[in-house]
Amino acid sequence: MNRAFCLIPLLTLASCANYQMGSTPKPEDFKDVRVLYVPTVVNQTDETAVPGPVTNAILQEIDREGTFRHARKDESDAILEVTVKSITRTPIRQSTEQFLTTLQYQLILTLEYRLFNLREKKEILAKSTIQGSTTFFVQGDQTESQRQALPLAAQSAAQNLVTAIANRGW
């Protein structure tokens, strides 16, 4: 009985032997990448005023997530190039009273990104795509409702983008 009481704490301590505090281990390509430069997002859609909210959402998410930090190009280890490929609006809920009237839409923002090491002059991550989405109700003007929903879709896409980069190699 006395041996069992000694064995339990010993097994507990042994199970924590490989635990490390601090940031998550990075793959070999990411070892020297701590600071990212994020230029203004390139817009390949017909929508206007898209690059600003998307770029801001990415920068805020980098700050919030904490694996990387962002800075000017001359102070950075890598550059994160992002392009808005498409903005899709899909009807979700139709009106039961008025035929062909949509009450709610889903807004899907598709981004293409690439990570390039500025110090070693080589590509770390090849072009990949990621999506972010949100839903919105049409209140009056449909275009204005979509414009107000864009920052939420940008935030969702930014979360997915930064998570994909930070967790690369897991």
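Ignoring ligands, DNA and RNA, what accessible area per residue does the stretch 40-106 give at 1.4 Å, in Å²?
62 Å²
Treating cross-link reach as a plain straight distance, find the lysines whose alpha-carbon is under 23 Å from the alpha-carbon of residue 85, omitting any fewer than eight places away in the same chain.
Answer for residue 85, where 23 Å is the Cα cut-off: 127, listed by chain and number.
How much length is gained if the chain between residue 96 and residue 168 is pulled fully straight, taking 0.36 nm per residue apart and subtracting their Cα-Cα distance, in nm to one decimal?
21.4 nm
What is the percent carbon and sulfur in the accessible area of the stretch 61-170, measuring with a 1.4 Å probe over the protein chains and ignoring ligands?
Answer for the stretch 61-170 is 46 percent, counting heavy atoms of protein chains only.
Using the Karplus curve 6.51 cos²θ - 1.76 cosθ + 1.60 with θ = phi - 60°, work out ³J(HN,Hα) for each residue of the stretch 39-54 in order, rounded to whole Hz, and write x for Gly and Pro.
x, 4, 4, 8, 10, 10, 10, 8, 6, 9, 6, 8, x, x, x, 6
The values are calculated or read from the model by the stated rules, or taken from the named source; none is laboratory data. Quantities reported herein were computed from a predicted structural model and do not represent experimental measurements. These area figures cover heavy atoms from the full protein model, side chains too; ligands, DNA and RNA do not enter into them. Shrake-Rupley method; radii C 1.70, N 1.55, O 1.52, S 1.80 Å.
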